[in-house]
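A short worksheet on the structure shown next.
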Amino acid sequence: MQHSTINRQASIDNNHLPIFNIQSKAGFTLIELLIVIVIMMFLAGITVPIVSSIQTNAKKGVTSAQISQLGIALKQFESDFGFFPPQSYTAAYSPSLSLGGVSIPRDDELTSGSRCLIFFLGSKFIFTSTSFTATYGPYIEFKRSQLSQVSGADFSDGETIQYISVDGVNGLSNVYEYKDPFGSNYYYDSINTLPAPTINNTASFDIYSYGPDKTDDSGVSTSDDITNW
């Protein structure tokens, strides 16, 4: 009789074991899932700043390379024309710049270094006077994605043009601004700007980008500006 009772108890216990095991397995899987979620969140928290830093450093590298390219183009321009482009070239710039006795037309839309870089380095200048015939430029190929057209502005409606024709970027007379990889205009100034500016490269020109923070903080110890000096 006692033996029969023991068998029944063992049978009851055995019937409960599978239920207990299923509950245990389900609980363990949930814990594993939570652990995986926590790990993924942790890795995402690490990965996002790293990716952002890599992208920023890549843009810095491209910016430095473009500043170097602009510098080379400006020196080639100076070798042909005998001067560096000014930071602005409006009717207030007097007297106008010239080559071979032919004046280069000014325009009131050329009000910034960014615009002047496009005009002087991206244009083809064709001189056609009887005493001076020559063609110069363009000195650099600008990326379309970094050109921002100034709405309604062109340099064909300035002063009277004689013995010279100017074909701008893509043969057009549109006025553009040149954006750095961070979306701000490149800053440019030279010794030929009037009135005479205070620049870092005292015999040539300054070019710089405001950098990732898009703020002009050159000269500050925490500056992230990218410069050619």
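Multiply the residue separation of LEU30 and ALA91 by 0.36 nm, subtract the distance between their alpha-carbon atoms, and state the gained length in nm to one decimal.
Working: separation 61, 0.36 × 61 = 21.96 nm, distance 7.55 nm.
Here the answer is 14.4 nm.
Counting other beta carbons within 10 Å of each residue's own, what order do LEU33, LEU99 fall into, fewest first?
Lowest count first: LEU33, LEU99.
Using Cβ counts within 10 Å as a stand-in for footprinting exposure, how do ILE226, ILE191 rank, fewest first?
In order of increasing Cβ crowding within 10 Å: ILE191, ILE226.
Can you pull the one-decimal nm distance between simple spin-label points at ASN170 and SER131, each 7 Å off the Cα toward Cβ?
3.9
May I ask you to compute the full-extension gain from SER68 to MET40, defined as 0.36 nm times their residue separation minus their alpha-carbon distance, rounded to one decimal in nm?
Contour length minus the Cα-Cα distance gives 5.9 nm.
Which whole-number percent gives the relative contact order of the range 54-227, counting Cα pairs below 8 Å spaced six or more residues apart? Please report the intermediate quantities before stating the final value.
Working: 314 pairs, mean separation 40.8, N = 174.
The value is 23 percent.
Sort ILE67, ILE46, ILE118 so that the residue with the fewest other Cβ atoms within 10 Å of its own Cβ comes first and the one with the most comes last.
On the way: ILE67 18, ILE46 10, ILE118 27.
Ascending number of Cβ neighbours within 10 Å: ILE46, ILE67, ILE118.
Just to check I understand the Karplus step: with θ = phi - 60° and J = 6.51 cos²θ - 1.76 cosθ + 1.60, what whole-Hz values come out for the range 32-44, glycine and proline as x?
Along the range 32-44, the couplings run 4, 4, 5, 5, 4, 4, 4, 5, 5, 5, 5, 5, 5 Hz.
Coordinate-derived values only; no laboratory data. Only a predicted model underlies this, so the values are computations on that prediction, with no experimental measurement involved. Reconstructed Cβ throughout: ideal geometry from the backbone, glycine too, with neighbour counts over all protein chains shown.
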